[in-house]
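Contents: one structure, followed by commentary.
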Amino acid sequence: MKNIWIGSFCLILSLSVKAQTDTKQILSSSKADTWVATDDLKRELSVGTQNGEIRKDKYVGIFYFIWQGAHGYDKADKPNADESVKEKKTTDTQSPYDITQLLKENPKNPKYGPIHAFHHWGEPYFGYYLPDDEWIIRKHAQMLSDAQVDVIILDVTNASIYLPQVTKIANIYREMRKEGLSTPSFAFIVNSNPNKTVSRLYENIYKPGLFKDLWFYWKGKPLLLTPPEGLSDDNRDFFNAKHSWAWSKGQKWFGDGKDKWPWLDHTPQNYGWHESKDVPEAISVAIAEHPMSNIGRSFHDGKEPEVKQSDKGFYFNEQWKRALEVDPEFVFVTGWNEWVAMRFDDGRAANFLGNKIEKGETYFVDLYNAEFSRDSEPVKGDFNDNYYYQLVNNIRKFKGSREIPTYTAINKINIDGSFKDWEKVNAVFKDDIGDTLHRDHPGFGRIEKYTNFSGRNDIIESKVASDDNYIYFYVKTNQKLSSYKDKNWMNLWIGLQNQDTNWEGFQYQVNSKVVNDHSTTLNKYSQNKKWVKIDNDIKYKAAEREIEIAVPKKLLSLSEKDFTIDFKWTDNIEPGNPMLWLDQGDAAPNARFKYRYIYKENK
């Protein structure tokens with residue numbers, strides 16, 4: 001919330017932790033750092049040794065927000081006593097106020113909501129959600145774990161700690177960890193009324209040991225970002241405290257940088273340090289800055305261009321370039337899911353979007369539109385999920401990634417439905433359990449609720465094997481498979497490296513139409529951008545939770561003994577829009593990611 005003119009909320013929820021030790025670096029349990037992907041701009045993720053081996057003691061945190069809806073909808077409102085998400089009033093019929101849509105409707109005189117009302121800069125891909133939506137919490141945890149984000153940074157800089165939201169996140173994260181999944185842990189950043197806010201955090205969470213298994217530790221103590229005056233004699237020795245705020249150059253708060261962790265800084269960013277000025281501890285990386293500073297997503301080479309290219313991530317790239325050169329222990333990314341900003345007209349901003357403004361004219365401090373916003377969470381339209389994959393790629397460059405295995409074993413699989421011959425196959429690819437959870441939760445303001453009941457077959461494991469004539473595919477689900485007669489049932493997508501014509505990297509599709517209980521179809525993507533059936537007698541068998549398929553190499557035009565294929569399983573997802581892999585049915589691996597199988601003849 002923006003009660004303070006330049007306020008911003010944040011808290012850090014980290015991704016794996018042991019009591020009284022440093023939090024271990026996040027390594028996705030499904031080995032997401034070995035997955036490949038190409039974003040909507042055709043930028044490919046770097047993989048394996050391109051990034052170097054995993055470097056221990058390198059951490060990434062990201063700004064994360066849990067206060068949407070806690071301060072009103074159509075109008076700004078006082079928070080509940082416990083600072084939970086507010087119940088909507090019958091009069092909340094206008095919000096969400098989407099600035100992007102308002103500008104499209106009336107560019108010269110947009111019909112903003114009331115002064116101090118919260119406005120969305122755009123529509124999140126997952127909708128105008130509320131932060132206590134379990135489906136959202138799980139999806140965010142999955143995406144951030146896949147990106148190797150170690151800690152999410154939740155905003156409590158305006159003196160509210162949102163304990164109900166933190167509690168719900170923590171309980172869901174604990175459930176996910178019990179299921180064998182990776183999730184964030186937590187810490188907080190404080191600014192307004194720091195003594196009172198830190199005291200509340202300490203008394204409500206840290207002193208009683210609430211969610212201790214989720215605390216983020218830094219150099220042996222729970223990390224807390226707070227002005228020094230926020231610490232008391234009772235808690236000073238308990239935390240590893242760092243002071244975090246925006247900008248460093250010429251800023252009194254930053255000083256010489258000792259124990260300072262900016263969450264935002266002009267390029268080239270300064271770093272904070274602890275032991276020595278020559279040993280960088282933390283640096284910030286921002287997607288953009290503020291509309292008042294006129295530094296947006298397109299800003300690069302020292303200027304904000306007149307023609308915006310908000311989808312390209314120019315500023316994000318410059319900031320990451322500096323961070324990779326400095327190579328600190330910790331990179332603080334701004335941000336993930338802020339989405340809303342308060343409307344002002346009090347004249348306290350001298351400039352807005354590069355123009356001088358007067359008292360009575362509208363301005364927004366932190367966010368405004370696609371250009372002046374700092375969220376890497378996917379957005380509906382505009383740049384979709386481009387920033388998510390830019391985030392993933394740069395984290396891999398910073399932290400390193402595991403090598404993609406190469407397989408040499410020749411395995412002939414009998415397509416007989418017994419599946420016993422798969423036990424010797426070691427090319428195993430994991431997918432998250434439980435990510436077919438159904439959604440049914442209220443949205444922001446006039447949005448009554450969001451529902452999603454598309455989750456059907458929960459894919460948990462895939463395998464690949466090959467011999468001289470076939471490539472064999474295996475998939476396993478968490479529960480009993482639905483009928484093969486169902487629409488968009490268990491589609492298998494295959495991509496080869498030496499074939500240019502493709503859709504999202506795939507040239508072949510299996511199971512577009514299943515013929516019967518033992519034969520299915522193979523489609524090929526043609527030069528006229530259509531899927532064409534090339535065989536309707538591909539052998540497969542399905543049992544209660546397992547499927548095995550044999551695809552002839554000759555139908556894939558695969559003659560080389562050594563080969564590389566990318567593949568993906570999807571269920572109950574309408575083909576044609578890769579964004580649907582984020583939230584519909586199930587996709588293995590998640591979102592645009594693909595598994596890669598590399599085979600080399602054992603000579």
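The values are calculated or read from the model by the stated rules, or taken from the named source; none is laboratory data. Source: prediction; values computed, not measured. In this analysis, Cβ positions are derived from the backbone assuming ideal geometry, glycine residues included, and neighbour counts consider all displayed protein chains. These accessible areas exclude ligands, DNA and RNA; they are computed on the full protein's heavy atoms, side chains included. Shrake-Rupley method; radii C 1.70, N 1.55, O 1.52, S 1.80 Å.
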(request) Please determine, by comparing only the residues of segment 49-80 that are open to solvent by 30 Å² or more (accessible area, probe 1.4 Å) and among the polar types (S, T, N, Q), which one is modelled with the highest pLDDT. (result) ASN80
(message) Tally up the residues in segment 279-309 that are open to solvent by less than 30 Å² (accessible area, probe 1.4 Å) and farther than 15 Å from GLY354 by Cβ, please.
(response) 8
(message) Taking the conditions exactly as written (part of a helix (DSSP H, G or I), modelled with pLDDT of 95 or more and within 22 Å of LEU45 (Cβ to Cβ)), does TRP581 satisfy them or not?
(response) yes
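Residue-by-condition table, conditions (1) without any contact (Cβ under 8 Å) to a residue 60 or more places away in the chain; (2) under 27 Å from ASP150 (Cβ atoms); (3) in a loop (DSSP other than H, G, I, E, B):
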position	(1), (2), (3)
GLU306	yes, no, yes
GLN309	yes, no, yes
ARG322	yes, yes, no
GLU325	yes, yes, no
VAL331	no, yes, no
ASN337	no, yes, yes
(message) Within segment 10-32, does at least one residue satisfy the condition of being open to solvent by 10 Å² or more (accessible area, probe 1.4 Å) and modelled with pLDDT of 90 or more?
(response) yes
(request) Look at ARG396 and say whether it is under 19 Å from ALA246 (Cβ atoms) and in contact with a helix residue (DSSP H, G or I) (Cβ under 7 Å, 6 or more places away or on another chain). (result) no
(message) With the requirement that a residue be touching a residue at least 12 places away in the same chain (Cβ under 8 Å) and part of a strand (DSSP E or B), what does segment 271-304 give you?
(response) TYR271, GLY272, TRP273, PRO280, GLU281, ALA282, ILE283, SER284, VAL285, ALA286, HIS300
(message) I need the full set of residues from segment 515-531 which are within 34 Å of the chain's Cα centre (by Cα) and among the aliphatic types (A, V, I, L, M), in order please.
(response) LEU522
(message) Looking at PRO378 and the list (1) touching a Lys or Arg at 6+ places or on another chain (Cβ under 8 Å); (2) open to solvent by less than 10 Å² (accessible area, probe 1.4 Å), which single condition is not satisfied?
(response) (1)
(message) Please go through segment 241-271 and give me each residue that is under 27 Å from the mean Cα position of the chain (by Cα) and polar (S, T, N, Q), ordered by number.
(response) SER244, THR267, GLN269, ASN270
(message) Of everything in segment 32-59, what is touching a Leu at 6+ places or on another chain (Cβ under 9 Å) and of a type in the set (A, V, I, L, M)? Give them in sequence order.
(response) VAL36, ALA37, ILE54
(request) Could you tell me whether segment 459-471 includes any residue that is part of a loop (DSSP other than H, G, I, E, B), under 20 Å from the mean Cα position of the chain (by Cα) and at negative phi? (result) no
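Just wondering, is there one or more residues in segment 234-247 that are surrounded by 17 or more Cβ atoms within 10 Å (Cβ to Cβ) and in a helix (DSSP H, G or I)?
No - not one qualifying residue is present in segment 234-247.
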(message) Pairs needed: first member in segment 540-566, under 15 Å from SER462 (Cβ atoms) and part of a loop (DSSP other than H, G, I, E, B); second member anywhere, of a type in the set (Gly, Ala, Ser) and open to solvent by less than 70 Å² (accessible area, probe 1.4 Å); C-beta distance under 7 Å; at least 6 residues apart or different chains.
(response) none
(request) Just need a number here: residues in segment 310-338 that are within 17 Å of TRP263 (Cβ to Cβ) and open to solvent by less than 10 Å² (accessible area, probe 1.4 Å). (result) 15
(request) Quick one: VAL151 ticks every box in (1) modelled with pLDDT under 95; (2) touching a Lys or Arg at 6+ places or on another chain (Cβ under 8 Å) except a single one, so which number is it? (result) (2)
(message) So, LYS420, is that one open to solvent by 60 Å² or more (accessible area, probe 1.4 Å) and more than 30 Å from PRO96 (Cβ to Cβ) or not?
(response) yes
(request) Tally the residues that are aromatic (Phe, Trp, Tyr) and open to solvent by 50 Å² or more (accessible area, probe 1.4 Å), restricting the search to segment 536-593. (result) 0
(request) State whether the residues of segment 109-126 include one that is of a type in the set (Val, Ile, Thr) and buried (at least 18 other Cβ atoms within 10 Å of the Cβ). (result) no
(request) Kindly check whether there is at least one residue in segment 361-375 that is open to solvent by 50 Å² or more (accessible area, probe 1.4 Å), without any contact (Cβ under 8 Å) to a residue 40 or more places away in the chain and either out of contact with any Cys (no Cβ under 9 Å at 6 or more places or on another chain) or over 24 Å from TYR599 (Cβ atoms) (or both). (result) yes
(request) Sort out which residues of segment 138-186 are open to solvent by less than 10 Å² (accessible area, probe 1.4 Å) and among the acidic types (Asp, Glu), and write them in order of number. (result) ASP146, ASP150, ASP155
(request) Working only within segment 497-516, note down all residues that are part of a strand (DSSP E or B) and either open to solvent by 10 Å² or more (accessible area, probe 1.4 Å) or farther than 19 Å from PRO589 by Cα (or both). (result) TRP503, SER512, LYS513, VAL514
(request) Name every residue in segment 33-47 that is buried (at least 19 other Cβ atoms within 10 Å of the Cβ) and over 13 Å from ASN393 (Cβ atoms), in order of residue number. (result) THR34
(message) Please go through (1) crowded, with 24+ Cβ neighbours inside 10 Å; (2) in contact (Cβ under 8 Å) with a residue 40 or more places away in the chain for PRO222 and return the number of the only condition it doesn't satisfy.
(response) (2)
(message) Is it the case, given these coordinates, that ASP440 is within 24 Å of the chain's Cα centre (by Cα) and open to solvent by 60 Å² or more (accessible area, probe 1.4 Å)?
(response) yes
(request) Please state which of the following conditions ALA341 fails to meet, knowing it meets all the rest: (1) open to solvent by less than 30 Å² (accessible area, probe 1.4 Å); (2) of a type outside the set (S, T, N, Q); (3) assigned to a loop (DSSP other than H, G, I, E, B); (4) touching an Asp or Glu at 6+ places or on another chain (Cβ under 7 Å). (result) (3)
(request) Starting from residues that are out of contact with any His (no Cβ under 6 Å at 6 or more places or on another chain) and among the acidic types (Asp, Glu), keep the ones in segment 84-108 and report whichever is surrounded by the fewest Cβ atoms within 10 Å (Cβ to Cβ). (result) GLU87
(message) Given (1) free of Cβ contacts under 8 Å to residues at least 24 places away in the same chain; (2) in contact with an Asp or Glu (Cβ under 9 Å, 6 or more places away or on another chain), identify the lone condition not met by GLU423.
(response) (2)
